[in-house]
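The structure appears right after this line, and notes come after that.
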Amino acid sequence: MGAQDIIAAIKGGLLQSDRLLKLDTPLGANVLLPQRLVGHSRLGRDYEFTLDAVSTNDNIELKKLIAQPVTLWVQQTDQSYAPHHGYVHTARRLGSDSALTRYQIGFVSWMHFLRFRKDARIWQDKPADEIITDVFNMHPQAQGAFRFALRNTLPQRSFCVQYEDDWNFCHRLMETEGLFGYFEQATDGKSHTLVITDDIGSLPALSPQTVDFYRSGTNSETDAFVQWSGTRTLQSTTLTTRTFDYKAPSAPANPKGTTIPTLATQGDGNRIRPKERGSLHGRIEPDQGAHALGSSQRWR
């Protein structure tokens, strides 16, 4: 579709009819036409999309998009559309070409707002899910947009301190408790919900569960993989903890501690041994120790 065809489509009100990508923004219908999309999403973290779009309006005020909700609709193989709702964190004007102006917007989930609030706060005798709820509810975008789906009751934390921004604090707390989150998109495209769980087996299956594979260069426009690639990165393979008990010190040659593997064996490689010393003074409640052990066993 050339520039004149796009302009005619905009003026005719047919801009986003039966397109692979459609976009809803506070600017109104058919103001921005999606052209290119790059995005990523993974368990336990936020998702982010960067979208290039064109418009016949060369004077869009970018500030009207910042922190505003948008919905990207992606056409599926059955011609239906899957929504991806989020909030704009970046808006750019890329330049003009003929009567069209190119823009770029980046949008994320409401979790992104947690990066902009920092606090120093103490909680006493509260479980992690209640602490996380307290933090989330400080953000209007998060209120009513999250829920917990826990298999096990979380133990109370006798003393919990926040000293960083909300995003880092909540992720630190979740990772300590063996929790992770994923997002559910509302079918009407008007909201998204963070689901926090401790059971990886409870995750809903991907849809579709099978995806076709075509060799690179095919002319088919069917959704499919066209290339496989492999990557290897340096990882630690063993976790070793050492704790010094000043009341009953052990011999240096046989220190008290635990060693567990962290990855499946993938062949012998060069070995390095970074070590991290534990605290000389520490105490853990019995129920917290059992909970931590259970979380470790479930994820191994």
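The values are calculated or read from the model by the stated rules, or taken from the named source; none is laboratory data. Model, not experiment: these values are computed from the prediction. No Cβ is skipped: glycine too gets one built from the backbone with ideal geometry, and neighbour counts run over all protein chains shown.
Computed values, structure above
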read-out: Unmet requirement for residue 68, which otherwise passes all of (1) at pLDDT 95 or above; (2) surrounded by 18 or more Cβ atoms within 10 Å (Cβ to Cβ); (3) out of contact with any helix residue (DSSP H, G or I) (no Cβ under 8 Å at 6 or more places or on another chain); value: (2)
read-out: Top-ranked residue in the stretch 129-143 [being buried (at least 19 other Cβ atoms within 10 Å of the Cβ) and aliphatic (A, V, I, L, M); ranked as farthest from residue 66 (Cα to Cα)]; value: 131
read-out: Any hit, the stretch 77-86, residues being small (Gly, Ala, Ser), under 22 Å from residue 19 (Cα atoms), surrounded by fewer than 19 Cβ atoms within 10 Å (Cβ to Cβ) and touching a residue at least 12 places away in the same chain (Cβ under 8 Å); value: yes
read-out: Residue list for the stretch 40-62, filter: surrounded by fewer than 16 Cβ atoms within 10 Å (Cβ to Cβ) and either among the aromatic types (Phe, Trp, Tyr) or in contact with an Asp or Glu (Cβ under 7 Å, 6 or more places away or on another chain) (or both); value: 40
read-out: Enumeration of residues in the stretch 88-132 that are polar (S, T, N, Q) and farther than 27 Å from residue 179 by Cα; value: 90, 96, 98, 101, 104
read-out: One residue from 107, 113 being in contact with a Gly (Cβ under 7 Å, 6 or more places away or on another chain) and either within 20 Å of residue 190 (Cα to Cα) or buried (at least 17 other Cβ atoms within 10 Å of the Cβ) (or both); value: 107
read-out: From 193, 176, residue being farther than 30 Å from residue 20 by Cα, surrounded by 14 or more Cβ atoms within 10 Å (Cβ to Cβ) and either free of Cβ contacts under 8 Å to residues at least 24 places away in the same chain or of a type in the set (Val, Ile, Thr) (or both); value: 176
read-out: Close pairs (7 angstrom Cβ cut-off, 6 or more residues apart or separate chains): of a type in the set (Asp, Glu) in the stretch 120-134, outside any helix (DSSP H, G or I) anywhere; value: 125/156; 125/158; 129/148; 129/150; 129/154
